[in-house]
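The values are calculated or read from the model by the stated rules, or taken from the named source; none is laboratory data. Just so you know, these numbers come straight off a predicted model, no measurement behind them. Just the protein is used for accessible areas: all its heavy atoms, side chains included, with ligands, DNA and RNA removed. Shrake-Rupley method; radii C 1.70, N 1.55, O 1.52, S 1.80 Å.
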Amino acid sequence: MSDSSSPLRTFARWSLAGAMVFAGVTHLFWGRKEFQAQVPDWTTRGTGFDKDDVVIVSGVLEVMLGASLVLLPGSRRTLGNYLAAFFVAIFPGNIEQYLKKRDGFGLDTDRKRFVRLFFQPVLVAVALWSTRDGRR
């Protein structure tokens, strides 16, 4: 059995997939206003998008990436790369939320917003690790 099928990697991958689908659905429906706190101001300049548009697009991407992790096992490694890149791409929003002291999803203190910044590299690592087979 390869490492990509190990129970721990499978659990991590499926958990990440479920979290992504849940987050995406939240972006699309009941959490849209909260997620706008994480959209950097500069993303709306010159793009023709407002913050709600950015939240909707990111929600759709999250649902697609999460579902693909489960539904397309043959593309697992590529999807892990895409997911890691997605986590890197949205990190500036977390930084801006911290710097501009924007509340959202219980992140209502500087300390909570600061601690949140350290979870993004963990998500990148889990996305990459859970989609690799462990062979060199």
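Values for this structure:
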item	result
All aspartates and glutamates inside 14 Å of Lys33 as judged from Cα atoms, apart from same-chain residues fewer than 8 positions distant	Asp50, Asp52, Asp53, Asp103
Accessible surface, per residue, of the chain when the full set of protein chains is kept, probe 1.4 Å, Å²	59
Heavy atoms of Thr131: accessible area, 1.4 Å probe, square angstrom to 10	10
Helical contribution to [θ] at 222 nm, DSSP H n ≥ 4, -39,500 (n - 2.57), averaged over the chain, rounded to 500	-22000 deg cm²/dmol
The range 35-41 - phi-based ³J(HN,Hα) in whole Hz, Karplus 6.51/-1.76/1.60, Gly and Pro as x	5, 4, 5, 9, 7, x, 4
Globularity ratio of the chain, using Cα Rg and 2.2 N^0.38 Å	1.10
Calculated P(r) tail over 18 Å for the range 72-121, as whole % of Cα pairs	40
Carbon plus sulfur fraction of accessible area for the chain, probe 1.4 Å, in percent	67
Phi to ³J(HN,Hα) by Karplus 6.51 cos²θ - 1.76 cosθ + 1.60 over the range 52-68, Hz, x for Gly, Pro	5, 4, 4, 5, 5, 4, 5, x, 4, 4, 4, 4, 5, 5, x, 5, 5
